[in-house]
Amino acid sequence: MKKTGGDVDEFLAAVSSPKRRRDAATMVALMRDVTGREPELWGTIIGFGSCHYHYPTGTEGDAPISAFAPRRQATTVYLLDAGAHGERLARLGPHEIGVGCLYLKDLQSIDAEVLREIVAEDYRRVIVGDTGSATLTVTD
């Protein structure tokens, strides 16, 4: 994955759903606050900071440290391992999870402080290298 550049505000203004636009603005503010980093476009993903990952299998590449995407069906928050947040997810409110994704249909229906805890813990894990099998190196 690579940074693609572009204006984040223009990208967000082009999101067709008013609810997704609202939720995206909320996520930008939350992730900017948690990470202390500015948003950058990685295609249609909004990322904060960047890191290089390397798996024992030899797979490697670059990715944002923290990221989300305003998708048509839900806001997708990218995490190292969504299932690792079990207790927090139980308190979050309506959501779905994938291995590395948290899907939120409406940020107004969830507990924003719990979402902040999830994003902050995931960010911390990347920064300190607590990532399981992958080796992550923060690059900016």
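Quick note: the coordinates plus some simple rules give every number you see, no bench work behind them. Source: prediction; values computed, not measured. No Cβ is skipped: glycine too gets one built from the backbone with ideal geometry, and neighbour counts run over all protein chains shown.
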**Asked** Out of region 21-70, which residues are free of Cβ contacts under 8 Å to residues at least 60 places away in the same chain, β-branched (V, I, T) and either assigned to a strand (DSSP E or B) or under 17 Å from L102 (Cα atoms) (or both)?
**Response** V28, T44, I45, I46
**Prompt:** Is it the case that region 71-81 has a residue that's crowded, with 17+ Cβ neighbours inside 10 Å, touching a helix residue (DSSP H, G or I) at 6+ places or on another chain (Cβ under 7 Å) and in a loop (DSSP other than H, G, I, E, B)?
**Reply:** yes
**Request:** Return the pairs, sorted by first residue and then second, in which the second residue is of a type in the set (S, T, Y) and surrounded by 13 or more Cβ atoms within 10 Å (Cβ to Cβ), the first residue lies in region 113-140 and is closer than 17 Å to R32 by Cβ, the beta carbons are less than 7 Å apart, and the residues are 6+ apart or on different chains.
**Result:** V119/S66; D122/S66; Y123/T35; Y123/S66; D140/S50
**Fill in**
When region 82-116 is checked residue by residue, the ones that are outside any strand (DSSP E or B) and of a type in the set (A, V, I, L, M, F, W, C) are A82, A84, L89, A90, L92, V99, L107, I110, A112, V114, L115
**Request:** Inspect region 46-58 for any residue being touching a Cys at 6+ places or on another chain (Cβ under 7 Å) and over 23 Å from R20 (Cα atoms) and give the result as yes or no.
**Result:** no
